[in-house]
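The values are calculated or read from the model by the stated rules, or taken from the named source; none is laboratory data. Only a predicted model underlies this, so the values are computations on that prediction, with no experimental measurement involved. Cβ placement follows ideal geometry from the backbone for every residue including glycine, while neighbour counts extend to all protein chains displayed. The area values use the complete protein model at the heavy-atom level, side chains included, leaving out ligands, DNA and RNA. Shrake-Rupley method; radii C 1.70, N 1.55, O 1.52, S 1.80 Å.
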Amino acid sequence: MSDLEIMQSDWLARIDAAADLPALETERVAALGKQGAITQLLKTLGGMTPDERQAQGPRIHALREKVAEALSARRAVLEAAQLESKLATETLDMTLPVSTGPQGSVHPVSQVMDELAEIFADLGFSVANGPEIEDQWYNFTALNMPESHPARAMHDTFYLTAPEGEEAKVLRTHTSPVQVRTMTSQKPPIRIIAPGRTYRSDSDATHTPMFHQVEGLVIDRGIHMGHLKWTLETFLKAFFERDDIVLRLRPSYFPFTEPSAEVDVGYTVQNGRRVLGGSEGWMELLGSGMVHPRVIAACGLDPDEYQGFAFGCGIDRLAMLKYGMDDLRAFFDGDLRWLRHYGFASLAIPTLSGGVGA
Ligand code: DAH
């Protein structure tokens, strides 16, 4: 047997003996890798005389070919064996009961937002959005709160650090800037609600630094307080799913509305619990009013031509009143037990016909 034949049977035996894929890879590197024995052999061709090369060249190339073939054949065998053993060990018990479905649930705040969208869609409102990191102009100035206005201080605003020479942005303190964004980007008639996150530096049993509001805005010709009251009554009757909801509008002050009204909802006491409906007592629910002519003008509309009403309401409070939670902070703890108790099935989508609070 020539040296090359001995070498070939030697390599084929080694490849055949490789027990698993890593061992086979070691053999491949030893034979055909950069420093491998056969690669080195191929390199000797360069130093041979043309005659020698003509004789040895085809033989060395044939050896290389055989070894490469043996490597891939062995690889196929070892891969098949690996799959077989995986299939044998990773068994699936087909008699196990099927999974009980999705484990998560819809947070009450998300649920209430869906309910609001459903109710207001029926009244011809669409849902508008704005950024949570907001320019002071949208959050304050355009809403008739110029720089020196005391209401700016009342909002316990979170200011972001601004680059040199730029005005600081804020985490929006209310959803009212979406009024401005809508009026500056759409033509009247406008009917929108804008639910979303809002931020103030405040924290106790009834305040969290992040909370949720929904803004409502209607802009058209000939809009008056009667439209506002009817809209709020219709909304709250649908939301609380009761016909005996009574509202009380109390004169109030907001820089962006004139006149302004705070809206209370009546309740009755049953077995020591406050139940919405009737008018034995009142609880404050939301702020509202006729959009201030200055706000309309700041948005580029003519206040002599267009009027409108707006309202702003805490969504977390709406959820608490409707679904009976009493601690706001638990809303944002991410405690799965709380969510399992108060959450909603992901496919129970609110509809007016099926019930918004299904
Ligand atoms: N933005 C007010 C707040 O956060 C709530 C509010 C009051 C909104 C009256 C309105 C409104 O649109 O008309 O306290």
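Just a few scattered comments:
- Label-to-label distance for Thr39 and Met225 is 9.0 nm, based on points extended 7 Å past Cα in the beta-carbon direction.
- Cα lying deepest toward the dipole's positive end in the chain, options Leu347, Val275, Phe211, charges on Cβ: Leu347
- Sites Val127 and Phe332 - FRET efficiency at Förster radius 30 Å, r taken between beta-carbons, to 0.05: 0.85
- Shape of the range 110-342 from the C-alpha gyration tensor: oblate (a/c of 1.5 or more and a/b not above b/c, with a ≥ b ≥ c the square roots of its eigenvalues).
- Only Lys, Arg (+1) and Asp, Glu (-1) charged, at Cβ; the chain dipole about Cα centre in debye: 160 debye
- Extension gain (nm, one decimal) between Lys86 and Val246, 0.36 nm per residue minus Cα-Cα: 50.8 nm
- Each part gets one Cα centre, and for the range 59-134 versus the range 166-238 those centres are 40 Å apart.
- Ligands, DNA and RNA aside, Tyr253 has an accessible area near 140 Å² when probed at 1.4 Å.
- Net charge in the neighbourhood of Ala205 (other residues with Cβ under 11 Å of its Cβ; Lys, Arg +1, Asp, Glu -1) is -2.
- Annotation: amide H-H contacts under 5 Å for Phe309 (H modelled 1.01 Å from N, sequence separation of 5 or more, or interchain): Val218, Val291.
- Dipole-positive endmost among Ile192, Leu247, Gly226 within the range 175-294 (Cβ charges, Cα centre): Ile192
- When only Cα pairs below 8 angstrom with a gap of at least 6 residues are kept, the range 110-342 shows a relative contact order of 19 percent.
- Think of the range 77-136 as a dipole: +1 on every Lys or Arg Cβ, -1 on every Asp or Glu Cβ, centred on the Cα centre; then among Ser85, Ile119, Asn129, Ser85 lies furthest on the positive end.
- Atom-type composition of the exposed protein surface of the chain places 54 percent of the accessible area on carbon and sulfur (1.4 angstrom probe).
- Per residue, the solvent-accessible area of the range 156-286 (1.4 Å probe, heavy atoms of protein chains only, all protein chains present) comes to 49 Å².
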